[in-house]
Every structure is written in structure tokens, then in C-alpha cells.
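Scroll down for the structure; my scribbles are underneath it.
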Amino acid sequence: MATFRLGIVGHSAVRFSAGGFRLNRPQQSNVIRLMTTSAGKQTSGGTLRLALKGMAVGALLGTGWSGYNYFRGEPTDHMLHEKTEPTYLDRLPDVRIMRKVVNPKDDSGLELVLFQFQTCPFCCKVRSFLDYSGLSYSVVEVDAVLRQDIKWSSTKKVPIVLAKTRSGKYVQLMDSSMIVSVLASYLKDKSQDIGELAKYYPSISFVNESGRKTSDIMNKYFLMLQDSKQHKANDAQDEERKWRSWADDHLVHLISPNVYRTKDEALETFEWFSDVGEWDVHFPKWERDMMVYVGAMAMWAISKRLKKRHQLSDDVRSHIYDACDKWIAAVEKHKTPFLGGKVPNLADLAVFGVLNSMEGCQAFKDCLENTKIGGWFYAMRKEVMSNRGHVA
Ligand SMILES: N[C@@H](CCC(=O)N[C@@H](CS)C(=O)NCC(=O)O)C(=O)O
């Protein structure tokens, strides 16, 4: 039986089959929480290799311990943690590069290809980071239905970044927060090989509370820094991690129920996706129309289930307004334009990226009218866009 997976905006994928559609469970927020609180707080010292190994081992031990506590009382044979290191490709897969963002000032030495859906919040998060960091990169817009351009990959999710390593191979970076942490670590010390850095972010499998085997990257909110001078003060680091994780575990789950709240809003949202993703340029008309109409109706239906899963009331707007208020209150506490101070940090970029994914939707317009998010959001947009290269 043919099964098509329609991955649209992050929080879920829709699977069409003769039996109807069903949701892929998103990552389990509990588990993410235990990971982010457990990963090591080691600082650097000694050689790079030793420092990085120390951090990775610390993160694994910390996570193992938290995992033990988390699963205590559950059958212990479910606690097996399998570690998967990143995949390396000898050459770039044969894919259609749809555009390049070229920044002549980029002296990072990086060669990056981003596989994405234009309006997926996780992809928007990665792009915000790449653009703010002034990096050049190529973009492959993945067909959300057939996903031919990521057939070469073991993951069916985007974003994926392929980064050229010193050996000439390409390392596959998966998971938006891991991608940001690997690249941010590299940018702080460009003497490191991106291929080696990626090894410190292995994916660990575990069985979640529903008994389903899943995996996650333990230390994805941690930067691997050799020089202890590069570490921010502990409080600032903790706060940055806390809000990065909040963007992934909480904020992102508010997007679908809001942007697909009614059939009309769902359709309007998908028309906007089509415009910004240039679906009419990249895909045949039948495929674009299918993505818009089928996608909108499916996501409208699914968003109701997501609302239940994330225990949101029918007044879904109130939840996103609360989230915007909470974020702005955290920023305002600093009495600076951004959570990071005068310049954005990775949490600013993460929250901006997630909100940016719904910029063309009624839900975002309502947030602008009913919360104070606008001032910060447009200041962020200016920062990101002014560092961004040009589209070639
Ligand atoms: N934790 C991942 C989540 C990525 C994710 O869920 N991506 C969505 C698109 S926005 C996807 O590809 N879904 C398809 C699927 O789950 O099959 C990340 O941060 O990158």
C-alpha cells in the first residue's frame, strides 16, 4: 500500500495511507527536559581532544544517570542506550540546489548545504542562526510529500545540514538545535574540524513512556568549547539553554494549533507557505495544489489532536499570547534589547526562528496586536537580515 508522508510544519508529519492519516509523535518533551538538565557542565582544559571527550563523556554519564532516575520503576531492559554517531558521505548527494545565500564576508571556511522546508519552525531556527552568523550556504527545498531530496538520508526529518569536513567528506548534521550548537562551537574556534565536533553530539536511543523506541541528542544545547575564556558566565549559559529548550519543547507546540485553528486559517497558512517556499516554482502545479489543499485540511484536523496532546484549551491564542508575554518578560528583565544583551544569543535566535515560521499567518498578526512581542521581534529581524548574505 502506498504511503506518502507529508511533513509540513514541524510539529508532526502526516502520513497518508489507505488506513487514513496518522501522526508521528513529536519528540517527548519529558525526555528532552531530562537531557537538557543532565548534560555535563564541564568546562574545558587540556588538549582539545581531551576537553571535548571529557564533555561528551560527562554528557553521556549525566544523561545516563538522569535516564536511570527517569525510568526507575519501569522495566530495566528498556533502558538500553544505543549511541549513533553522525553519518559521513563521500560526496554530496545528487540533489537540486535551489538557491545559495552568499556572504562575501564569510571567512568561516565552511561549506554548508541546508535541506529544509521553508516554513518549518526548526528550519527557520537554523536559517536565523546561519543568517545572523553571516554564513554562506546552499538550500535544497525538500518536497514535503515525496521527499526525494532526502532519500539518501536515514532521517526523514528536516532540517539536515551537510557540512564539508577537512577530509573532504560531508558530515550529516541533524536536529536543529544540534546543528546550531555544532556550528556555534565551530565559529568560536575555527581550528576545530566540523566533522570531529559533530562526533560529540551522538544520538542516543531510548524507549519513551509510551513504550516506543526513539532517540535524541543529549547535549544539543551545549557548546563544545576548548578555551574556558569563551564560556559565558554560568547563569547566562543556563538561561540561554533554558530558553532554547523552551523554544523546542513549548513554543513550537503552540504554532500548529494556532496557525491551523480554523479551515480558513489553515488554507491561508498553506497559501503563505506556498508563496514563501515558492512551491509554484519548485513543484508541478498538481503537487503544489495537493500540498496546499490536502495539507491544509489534514493539518486543520491534526491540530485538534495536537491541541489535546499539549493540553491546550480551545482558546489556543491565549497560550501563544502567554508564551510571548513570558518571553518578553524574560528579555525585559535584562533591560537590554535582547536576552543575550546588546546582541542576540542563541535563545533569541531560537525564539525568533520559531515565531518567524508563522510570520505570514493571522496568528502572528494577532500576537503583534495583543502582546509586546513586536518590538523585540523586529529588532531581531533587523539583526538577522543585516548580517545575511545575498541570495544567488
Ligand atoms: N527535533 C527536530 C525536529 C524536526 C522536525 O520535526 N521536522 C519536521 C518538519 S518542520 C519534519 O521533518 N517532520 C517530518 C516527519 O516527522 O516525518 C529538529 O529540531 O530538527
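The values are calculated or read from the model by the stated rules, or taken from the named source; none is laboratory data. Worth saying up front: this structure is predicted, and the values here are computed from it rather than measured. As a convention, Cβ positions derive from the backbone with ideal geometry for all residues, glycine included, and neighbour counts pool all protein chains shown.
Summary table below
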quantity: Some residue of segment 223-241 being closer than 23 Å to Arg147 by Cα and surrounded by fewer than 19 Cβ atoms within 10 Å (Cβ to Cβ); calculated: no
quantity: Helices (runs of 4 or more DSSP H) lying entirely in segment 200-306 (those with 1 or more residues that are hydroxyl-bearing (Ser, Thr, Tyr)); calculated: 234-246, 252-259, 263-276
quantity: Residues (more than 13 Å from the ligand (Cβ to nearest atom), in a strand (DSSP E or B) and polar (S, T, N, Q)) located in segment 105-143; calculated: Ser138
quantity: Test result for Lys335, over 22 Å from the mean Cα position of the chain (by Cα) and assigned to a helix (DSSP H, G or I); calculated: no
quantity: Criterion violated by Val101 - all others in (1) modelled with pLDDT of 95 or more; (2) over 30 Å from Lys169 (Cβ atoms) satisfied; calculated: (2)
quantity: Segment 149-176, subset of a type in the set (Ser, Thr, Tyr) and in contact with a helix residue (DSSP H, G or I) (Cβ under 9 Å, 6 or more places away or on another chain), residue farthest from the ligand (Cβ to nearest atom); calculated: Ser167
quantity: Any chance Lys232 is away from the ligand (no atom under 15 Å from the Cβ) and in contact with an Asp or Glu (Cβ under 8 Å, 6 or more places away or on another chain); calculated: yes
quantity: Only listed residue being outside any strand (DSSP E or B), surrounded by fewer than 17 Cβ atoms within 10 Å (Cβ to Cβ) and either within 14 Å of the ligand (Cβ to nearest atom) or basic (Lys, Arg) (or both), chosen from Leu183, Leu92, Leu146; calculated: Leu146
quantity: Residues (more than 17 Å from Phe129 (Cα to Cα) and more than 15 Å from the ligand (Cβ to nearest atom)) located in segment 191-201; calculated: Ser191, Gln192, Asp193, Gly195, Glu196, Leu197, Lys199, Tyr200
quantity: Filtered residues of segment 338-392 (kept if of a type in the set (S, T, N, Q) and closer than 21 Å to Ser177 by Cβ); calculated: Asn345, Asn356, Ser357, Asn387
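Every residue, every condition in (1) touching an Asp or Glu at 6+ places or on another chain (Cβ under 7 Å); (2) more than 25 Å from Val331 (Cα to Cα); (3) within 14 Å of the ligand (Cβ to nearest atom); (4) of a type outside the set (Ser, Thr, Tyr), yes or no:
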| site | (1), (2), (3), (4) |
| --- | --- |
| Gly211 | no, yes, no, yes |
| Met224 | no, yes, no, yes |
| Ala247 | no, no, yes, yes |
| Leu254 | no, no, no, yes |
